[in-house]
1. Just to confirm a number: summing +1 for Lys and Arg and -1 for Asp and Glu over residues other than Thr617 whose beta-carbon lies under 15 angstrom from that of Thr617, what do you get?
2. So if the hydrodynamic radius of the stretch 411-479 is defined as the Kirkwood radius over C-alpha pairs, what does Stokes-Einstein give as its diffusion coefficient at 25 °C and 0.890 mPa s, in µm² per second?
3. Computed over the Cα atoms, what is the radius of gyration of the stretch 443-529 divided by 2.2 N^0.38 Å, N being its residue count?
4. Give the accessible area for Val186 in Å² (nearest 10); use a 1.4 Å probe, count only protein heavy atoms, and leave out ligands, DNA and RNA.
5. Which percent, nearest 5, of DSSP beta bridges in the stretch 145-284 are antiparallel?
6. Measuring from a point 7 Å past the Cα of Ser201 along Cα-to-C-beta, which residues in the stretch 136-169 have an amide N at less than 13 Å?
7. Sticking with the crude label model, points 7 Å out along Cα→Cβ, report the distance from Ser67 to Asn106 in nm, one decimal please.
8. State in Å² the accessible area per residue of the chain; use a 1.4 Å probe, count heavy atoms of protein chains only, and round to the nearest integer.
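The values are calculated or read from the model by the stated rules, or taken from the named source; none is laboratory data. Just so you know, these numbers come straight off a predicted model, no measurement behind them. No Cβ is skipped: glycine too gets one built from the backbone with ideal geometry, and neighbour counts run over all protein chains shown. Heavy atoms of the whole protein, side chains included, go into the accessibility calculation; ligands, DNA and RNA do not. Shrake-Rupley method; radii C 1.70, N 1.55, O 1.52, S 1.80 Å.
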Amino acid sequence: ILSIFIVVIFMMQINVQANAADDVVATSSIIFENGSTYSIDLVDEERELGKVVIYTRDFGEYTKPFSKDTHEFVVVNNIVVYKNTNGTKGTYIPIDGYVISYTGYNREFIDNIHIGEEATLVNLETLTLPEKYFKLGDLIIPIDDINSHRDTNQIILYDPSYGKSTKTNAWGMELTVVDDVVCNIVDDNKTWVDNDSRIPSNGVVISIHSGNPFYNKLREIVKVGDSVKISVDNIKPYSAGKITYDALNPMSLEDNPFAWNENKGEPYDGFRGPDQMIIYDSNYGGYTGTNPYGYEVAVGVDDKIIKTGGNNLQIPDGGYVISGHGAKSRWLQNYARLGSTVMLNKEKNEVRIVFMPDSYVDMAMFSIKSAQDSLDLAKAQYRDIDYDNVRKIIDKAKSKMRDAHELLDQGQYKELIKTVNDIQNDADQACYMTFGSTKVENRAVWHRPRETSISEVKKHLDMLQDTNINIIYLETYWNGYSIYPTANDIMKHNPLYRGFDVMAAYIKEAHARGMEVYAWVENFLVNQNVAEKRPEWMIMSRKGDNFFMDSAGVKYYYMNPALPEVHHFLSELYKELIKKYDIDGIQFDYMRYPESGDYSNDFGYDPYTRQLFKDYTGTDPISLSVGDELWQKWCEFRVNIINSFAYRIISEVKFLKPD
C-alpha cells in the first residue's frame, strides 16, 4: 500500500510539472534586441490597462483610436519600423507584420522599443500577406500585377478597363470571377489555343502562367462555382530589412580581396566584386567609380536616402553611397526606397533600412528637389528647354505638399501614397523636360500588337505620341502566327485579328503622326506550332533535344540556322514583308543560337551541321568539349553560320529597299 501511495504521489508530481511546462510553452512573449523579454497578454483583443497586445490583420486594417496613455509600435520583418503617437485613427496594421500596443505607465517597456531594432515573437506566429492576392479556400495566391502583359511565371488580374479580352497566349490558365465566384475556367494545354478570356463588365479574369508555382495546384483544385476573395488594394507603408556589407571605402585588394576580375586580370571598378555591397563615404572621393552592373543609393547627412538608382554615383558631402551588385543589388532595390532611413553599424558591417509613413513626405520633398536641381543645371548649361512650363510643374508639385502633410497627420495612408505618387509624377515630368532632345534621337518601344480595330490602333499611337515616342518596333509574328495576311504556308495570319491587318493600320497611322515603324522579327525563334509543322527544321542540342529549356522549365523552339531551307523560309517571309508594306526598317531579334550555359548542352548537333563541320575539319563536333584543340574553331564555325545568314538577309532586303 505504501509503495502504491508513493507511486501515486510521484505521478501527481510529474503531472504537476508537465502542466507547468505546458503553461510555460504556451506563453507567448516578445524579445527585443537588447535582451528584454515581455509576455504577450492579448492577441487581436480589446486593450486593457497594463497589458501588452499584439494586433494582426485578423483584427482589421487599423487598430482602434487611442489616447495618450497608449503606445503603439509597428514591426515588419522582425524590425521595429514605426512608433505611432497619433491615436486619432489608430495604427495601420501591416499585411506583412504586426502592431505592439501597450496602455499604461511602464516606462521601462516603452523606452526599450527603438526604431530599427529587432523584435522576435516567441510561441506566436502572424500571417504575412502579399500586397495583391486572391484567396481560394485556405490557399493564398499572390497577384503580380493588374492589367499588364502576362509574362513568364506571372499571375495577372484583368478588369474591364483593360479591354474586351485578356489577349493572352496558350501558356497558362484563366479564371473568370463574377461576384466573388468562379464562373469560367480556361485551361487547354493540349491544343494550345490562346487563353484570351473575355473580361466580364461586372467581374475580372485572373490569368496564371504555366510556369507559376501555383499553376499545377490550381489545376487540381479549382472548379466553377468556387468562392474567391480578391484583395488588390492593400498598401505597404512600412518596410524594413538588414544586411551585411563587404567593405568600406575599398581602395586596394587588401581592403577587398574578392574584387579581383579573373577574366581581365585586374580589380573590378570601384573595388566592388560580384554579389557584394560596398559603402563609399566622402573620405573615398567624389564618386564611387563603379561599373554599370549594379545599383546604388545615396544617403544624406540626416541618414535618409536622397537618390536611388544608377552606378558611379556622386558621394554626398557628409553622407555616403550604398553600392550593391548581384544579389545585394536586388536587396537594395527591394528595401532602399527614396526617403528611407538608413542605420549604418560599422562595428558589425551592417546596414539596416527602414521605411515608414513619414518617409513618403521625405520621398516627395527629395523628388521635388531633384527636379529643381535639374532645372538649375539646365539654366547653367543654357539648354534650349521650356523653362516656364518646367517651373510651373515644379510649383504644382510643391503645392501638393500641404496635402501630403495633412494626410500623414490623419493616418490616411492610401490617400497619402496617391498624393505622393502625383508629386513624383510631376517632378519626373519636370526632370524629363529639362533634357535637351534633338530630332535625331530614337525614342522607341517594342510592341506586340493586340489591337483588333483601327480605333484601338489610333488610341495606342496617340498615347505613344503624347509620350514623345517616334519609333515603334512592331512584333510581326509570334506563337507561329503573323500579324498580317500572308501567302506563307507556315506562318498564317493570327486568328486573334479576325482578318484585320494590324501591320497596315500601324504603318498608316504612325506615318500620319510622323512616327516610324520597324518590323521586329525573331528570325530563328519560333513556337511549338512551327516545330510541329517542320520538326526537321528544328535545332538540336548536344543531348538530342530540339528545344531550349529555361530555368523555369519553359521550352523555346529555334530553327536550325545552318539549314538552307530555313534561310529560304525566312528570306521569303522578309521579302514579302518588304514588298507589301512601307516599313521604315527591320529589327532582327534572335539572330543567334540558343544560350549555351556551361556548354554541357549547347546547340548545333543535328546531322547536317555536324557533317558540315566534319567536312571542314575532319572531326565530328559531338566529340569535342571545352578546352579541346578544335573547340574554338567549332564556336567560330557556328558564329560564321549566323554571320552568313545575316549578310544574305540584309543584302536581300537592302536590294529591295535601299533606304
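1. Details: positive: Arg610, Lys614, Lys633, Arg638; negative: Asp615, Asp620, Asp628, Glu629, Glu636.
Local net charge: -1.
2. On the way: Rh = 15.1 Å.
Diffusion coefficient, whole number: 162 µm²/s.
3. This ratio for the stretch 443-529 stands at 1.08.
4. 40 Å²
5. Details: 20 of 24 bridges.
Counting DSSP beta bridges with both partners in the stretch 145-284, the antiparallel share is about 85 percent.
6. Only 160-161, 164 pass the distance filter.
7. Here the answer is 2.0 nm between the modelled labels.
8. Values: 33130 Å² over 659 residues.
Ligands and nucleic acids excluded, the result is 50 Å² per residue.
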